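First up is the structure itself, then whatever we jot down about it.
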Amino acid sequence: MKTRKWYVYVNALSDLGSRMDLIAFSALIFTFENSAMWLTAFFLARQVGGLLFSLAAGVVADRFDRRKAMIASDLGSGLAIAAVVLFPHPYTVVAAAFVKGILFSVFQISFRASMPQLFPGEGLAAVNGLIVRLEAVAGMIGFVLGGVASDLFGHIWVIGFDAATFFASALVLVRLRWDSYPAAARHKRQRVSWIKDLQEGWSYLRQNDVLLAVIILSFFWTVSVAAYNYGLPLLAEMSVQSHASFHGLMWSLLSVGTLVGAWLAPRLGWKEFSALNISLLAMAIVISLAFAGWHQLIILLLLTVTGVLEGWREVFQRTIVQQADNTVRGRALGMQTLLTRGGFFLGFLLSPMIFQAYGLVAMVAVSQAVLVLAVSGTYLFARKKTGQG
């Protein structure tokens, strides 16, 4: 069990490498001709790869050995990134981003679907709290470390380090053992189509109203997050003269808040579904107040509170979805991943349009109002169906 818990830290190292390589890849792309076009292609390839393969990744997690799927994903991601080290060409960069987007979905869905079996008796909320805290730490230092390391050693070395973290993760997974193969998958893998697998997953969700509500909320939450992610640099520019530093401080305090929130969440003792809805409603209100822009200190304080609420949301949401039946958990996570990525895409598409038409405060307020309506609707629907509060 201690070895399994240790893997959480190995995975966090891989997360750190991925954040560092985002800066390094950007630095590499800026050395190409038409760098703006290739940078756009790079980010689109990452998102499109994950979006297109989300549902299939869920089926993979339910049909095959999840541990082996995670190993294959790590090895594939490591090789894709290593190809950029060997052949630093725009086509290689975009292709690697697309492959990594696909394999990231496979890995994350298989990993999260394995959590109850990987850490039995640990308490899902406690383990998820630890993982979210480590992700917050990786976010706090990864981008800065990536920039410093790129300047000191060169971006190719940072990209190579990220590839090495994936190989290290795969090596640890080879040594780990847990019940990573859903028993029901063994006899159906060859005789049931993938379409029927997805239909089976959808039927399961329709019979589990709380789980369905949580997955639907993932879409509206990411639409709202995309809006304030787009708006933060604009808010920084409007608030202070040194807007780049203020923008960085905003993100740092959001990460600090998430770290605190993820530590608090398992200790609150609240019912997950009610706590998830409370955190989402509170986030919508607090982030809207932050963009009212009364004073820089108030903005920073409210963003820190937003981070705390985000830590709660992340822990509670993961814990609820991971309580799905083991035989369909991968498909539930696949559907959630599809809606999450789709929400980000739609949010980043609509936010500039609303901003240009109505301004920054209205853009954020509209997205948060939509989230409030979605939370209220899904909560009332699930509570009426199940009687849960």
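None of the figures in this text is laboratory data; all of them are computed from the coordinates on show. As the structure is a computational prediction, the values presented were derived from the model and not from experiment. Heads up, the Cβs are rebuilt from the backbone with ideal geometry, glycines too, and the neighbour counts pull from every protein chain shown.
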query: If you build the Cα gyration tensor of the chain and take the root of 5 times each eigenvalue, what three semi-axes come out, in whole angstrom, biggest first?
result: 30, 29, 20
task: May I ask you to list, by number, the DSSP H helices of the chain whose Cα span along the axis is at least 27 Å and whose average Kyte-Doolittle hydropathy reaches -1.0 or more?
output: 2-29, 35-63, 66-86, 90-118, 124-153, 155-175, 209-239, 243-268, 296-321, 329-358, 360-386
- prompt: Where the only charges are on Cβ atoms (+1 Lys, Arg; -1 Asp, Glu), what is the dipole of segment 30-113 about its Cα centre, to the nearest 20 debye?
  reply: 280 debye
field: Spacing of the two label points (7 Å from each Cα toward its C-beta) at Phe30 and Ala168, in nm
entry: 2.7 nm
task: Rank-order 263-269, 211-217 by packing density, defined as the average count of other C-beta atoms within 10 Å over each peptide's residues, highest first.
output: 211-217, 263-269
- prompt: How long is segment 84-159 along each principal axis, judged by its Cα atoms, biggest number first, in Å?
  reply: 47, 26, 13
field: Leading residue at positive end of dipole, the chain (Cβ point charges), from Asn128, Val256, Met20
entry: Asn128
query: Over the chain, what relative contact order in percent results from Cα pairs under 8 Å that are six or more residues apart?
result: 26 percent
- request: For segment 2-192, please report how many Lys pairs fall under 21 Å Cα to Cα, leaving out neighbours fewer than 8 apart on the same chain.
  value: 4
field: Cα centroid separation - segment 312-389 against segment 273-295, whole Å
entry: 14 Å
- prompt: What dipole magnitude, in Debye to the nearest 20, does the chain give about its Cα centre under +1 on Lys/Arg Cβ and -1 on Asp/Glu Cβ?
  reply: 1480 debye
Cβ-based charge dipole, segment 199-386, positive-most Cα from Val328, Gln368, Asn229: Val328
- line: Over all Cα pairs of segment 2-192, the Kirkwood radius sets Rh, and Rg/Rh then becomes 1.00
Estimated dipole of segment 213-365 in Debye, rounded to 20 [Cβ of Lys and Arg +1, of Asp and Glu -1, Cα centre]: 320 debye
message: Using Cα-Cα distances under 8 Å and only pairs 6 or more residues apart, what relative contact order does segment 2-192 have, in percent?
response: 42 percent
